[in-house]
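Worksheet: one structure, shown below.
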Amino acid sequence: MSNLFWLTDAQMDRLRPFFPRPHGKPRVDDRRVLSGIIFINRNGLRWCDAPREYGPPKTLYNRWKRWSDKGVFARMMEGLAAEGSEQKTIMIDATYLKAHRTASSLRGEKGGRGRLIGRTKGGPNTKLHAVTDATGRPIRFFMTTGEVSDYTGAAAMLSSLPTADWLLADRGYDADWFRDALKDKGIRACIPGRKSRGKVVRYDKRRYKRRNRIKIMFGRLKDWRRVATRYDRCPKVFLSAIALAATVLFWL
């Protein structure tokens with residue numbers, strides 16, 4: 001197949017430091033297996049539909065599940081982001097990711113607890129909170145259920161925000177506690193005030209226009225079908241799909 005995806009030697013060299021050490025029997029060809037995992041995630045295929053050029057589907061799935069549980073794909077993105085991000089200005093925002101029925105079959109306490117899937121007017125979905133650098137490349141991700149407010153995501157990611165001069169966000173993050181927390185960290189907030197505020201909040205409108213880059217980042221992530229639609233019940237596995245897409249799209 002001419003449309004198959006293959007990692008280059010240069011890309012493999014950048015990813016290899018994040019691979020876990022093999023124990024006992026040597027692993028199957030890393031390049032072939034990782035390329036197959038990326039192809040499946042990008043196109044939203046079932047593992048059994050993997051092209052035979054990538055080897056047995058069971059091998060692909062086992063590697064995907066094992067490395068997801070160990071957090072390997074998340075470490076890839078965070079490690080590469082730490083090396084090359086431009087963090088003088090950072091941005092924060094959130095987006096909704098629709099959950100497929102295979103992920104959202106919440107049957108009582110046993111099936112529904114801990115999946116981070118919420119019920120909203122648009123159906124079952126997950127909310128992805130993200131922090132990006134000045135160019136819109138993702139640095140941090142955080143997942144919640146769909147009905148959770150932006151404030152909750154901001155509070156959860158506050159302690160892990162990198163050192164920066166400015167933070168750009170929309171008026172959904174306009175809260176006094178958040179502005180004060182950013183000030184304590186030495187970060188200047190460029191956030192327009194809510195319409196319900198009695199006092200007008202001044203902000204740098206020219207700088208604020210750059211916030212469209214984080215929207216573009218979300219759009220590119222959703223080009224990957226396994227990210228745009230959540231098929232995985234396990235939130236850690238789904239977050240690995242997001243981290244892998246971000247690594248390939250923005251950091252390789």
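Please go through the residue pairs K121/K205; K70/K127; K58/K121; K183/K205; K58/K98; K121/K185 and name each one whose alpha carbons sit more than 31 Å apart in this structure.
On the way: K121/K205 33 Å; K70/K127 22 Å; K58/K121 37 Å; K183/K205 19 Å; K58/K98 26 Å; K121/K185 37 Å.
Violating the 31 Å limit, Cα to Cα: K121/K205; K58/K121; K121/K185.
Over the chain, give the accessible area per residue in Å² for a 1.4 Å probe, as an integer.
Working: 13210 Å² over 252 residues.
I get 52 Å² per residue for the chain.
The fraction of accessible area contributed by carbon and sulfur in the chain is 49 percent, rounded to a whole number (1.4 Å probe; ligands and nucleic acids excluded).
Within the straight-line cut-off of under 17 Å between alpha carbons, the aspartates and glutamates reachable from K209 are D93, D133, D165, D170, D174, sequence neighbours fewer than 8 places apart in one chain being disregarded. The mean sequence distance of close C-alpha pairs (under 8 Å, at least 6 residues apart), as a share of the length of region 1-75, puts its relative contact order at 31 percent.
Rounded to the nearest 500 deg cm²/dmol, what is the calculated helix-only ellipticity per residue at 222 nm for the chain, with -39500 (n - 2.57) per DSSP H run of length n ≥ 4? Show your work: numbers first, answer last.
Values: 11 runs with 100 residues, N = 252.
Computed ellipticity for the chain at 222 nm equals -11000 deg cm²/dmol.
In plain terms, the chain from K70 to S160 could stretch by 30.4 nm, reckoned as 0.36 nm per residue minus the Cα-Cα distance. For region 179-252, just say rounded, prolate or oblate: build the C-alpha gyration tensor, square-root its eigenvalues into a ≥ b ≥ c, call rounded for a/c under 1.5, and beyond that prolate if a/b exceeds b/c, oblate if not. In terms of gyration-tensor shape, prolate. Subtracting the Cα-Cα distance of Y96 and D176 from 0.36 nm times their residue separation leaves 26.3 nm of extension gain. In a reduced charge model with +1 at each Lys and Arg Cβ and -1 at each Asp and Glu Cβ, the chain shows a dipole moment near 660 debye about its Cα centre. Look at the Cα gyration tensor of region 63-212: its axes a ≥ b ≥ c give a/c of at least 1.5 with a/b at or below b/c, and that counts as oblate.
Note on the chain: GNM, Cα springs under 10 Å; of V237, V200, V148, the largest mean-square fluctuation is that of V200.
The values are calculated or read from the model by the stated rules, or taken from the named source; none is laboratory data. All values derive from a computational prediction rather than experimental measurement. Backbone-built Cβ (ideal geometry, glycine too); neighbour counts: all protein chains shown. Each accessible area value is taken on the protein alone, full model and side chains, heavy atoms only, with ligands, DNA and RNA left out. Shrake-Rupley method; radii C 1.70, N 1.55, O 1.52, S 1.80 Å.
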